[in-house]
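The values are calculated or read from the model by the stated rules, or taken from the named source; none is laboratory data. Computed from a prediction, not measured in an experiment: that's the story for all the values here. FYI the Cβ positions are ideal-geometry reconstructions off the backbone, even for glycines, and counts take in every protein chain you see. Note: accessible area is taken over every heavy atom of the protein model, side chains too, but ligands, DNA and RNA are not part of it. Shrake-Rupley method; radii C 1.70, N 1.55, O 1.52, S 1.80 Å.
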Amino acid sequence: GWQYAGGQTEEGLFKGASNLEDLRRRLQTIMFQPSAEELNRQTPKLTRIAVPVDVPLTEYREVARNVKDAILALSPKSKGYWTNVLDKMNLLRQAIGRAKVGQAVEWATDFLDTNLDNVKLLLYAHHLPVVQEVVRALEKYGILWTDGSVSPRERHERAVRFQAGKEERVMIITQAGSMGEDMFGLNGNEINNIAFLELEWRPMDFTQPEGRLDREGQTLPVNSWMFFARGTIDDDLVDVRETKDDVIQDVIGGEDVPTVVQELIRKWRQE
């Protein structure tokens, strides 16, 4: 999935914007989906594609410095240490998510404009401010969303509306809103693309949303796109999705602590 990495700038950073033409060309092929009978049996059922994007690193570095200083000021022996660490790290993840919204929306717009109206797009985000920004930006395509504040009954009704309806072409799900519902297309709709706008700590938090599409009843190969911001902690999270669940977390002091978080804090303490 690294074939989309952009070229280096003078600062040694990678510019994701230079990849948009390649992404457009790839997306154009989706308009001509084969029927279920025509699909090659050797074609992978689920294809994962990492998509690098460029974010304003000056602002990110300021947030990262504040988060790092706050975490390093905590005593590892204090009660609730890892809970406090994760709370602060989530502030950094939210800043990255909001920084990626612009390019993610541009990609989603290309996808929706390139494909026919019966081709829909499932998006995944973690933080409410990110969800709200995407809802505003893609409102013209018709958009639904679910999160932890939506009742199970309403969540199911929105999922069915997305699967079978004709009004909304986009749906955003969150970790709390991604449990249990089918999202693959019905009634002539094609829904086999999911894009992660924010990255998670644990593999299961990728596989559960993917499972809304990659499940019995889906007739098309599923594409899972993952947007990661080069030069941020996304670099440490980009490979989490391919890591086995049984080696991704430890129980420390009664708290589940993702391995990637432990490694990040250890690296910060050694700098």
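Per-residue packing, averaged as other Cβ atoms within 10 Å, sorts the ranges 90-100, 129-139 into the order 90-100, 129-139, beginning with the highest. Taking every protein chain into account, the accessible area of the range 67-167 amounts to 48 square angstrom per residue (probe 1.4 Å). Summary value for the range 129-271: 18 percent relative contact order, contacts being C-alpha pairs under 8 angstrom separated by 6+ residues. Here the accessible area of the range 135-184 is 51 percent carbon and sulfur, with a 1.4 angstrom probe and all protein chains present. Here the accessible area is traced with a 1.4 Å probe on the protein chains. For the range 43-94, carbon and sulfur cover 53 percent of it. For a label point 7 Å from the Cα of E271 along Cα→C-beta, name the residues of the range 56-86 whose backbone N is under 19 Å from it. From the range 56-86, the list is 56-76, 85-86. Among 234-240, 197-203, the peptide with the highest mean count of other Cβ atoms within 10 Å heads the list, and the full ranking is 197-203, 234-240. Site pair T47 and L116 shows an inter-label distance of 1.9 nm when each label is modelled 7 Å from Cα along Cα→Cβ. Which entries in the list K79/K267; K100/K166; K45/K120; K100/K267 go over 20 Å, if you measure between the two C-alpha atoms of each? In this structure, K79/K267; K100/K166; K100/K267 exceed 20 Å between Cα atoms.
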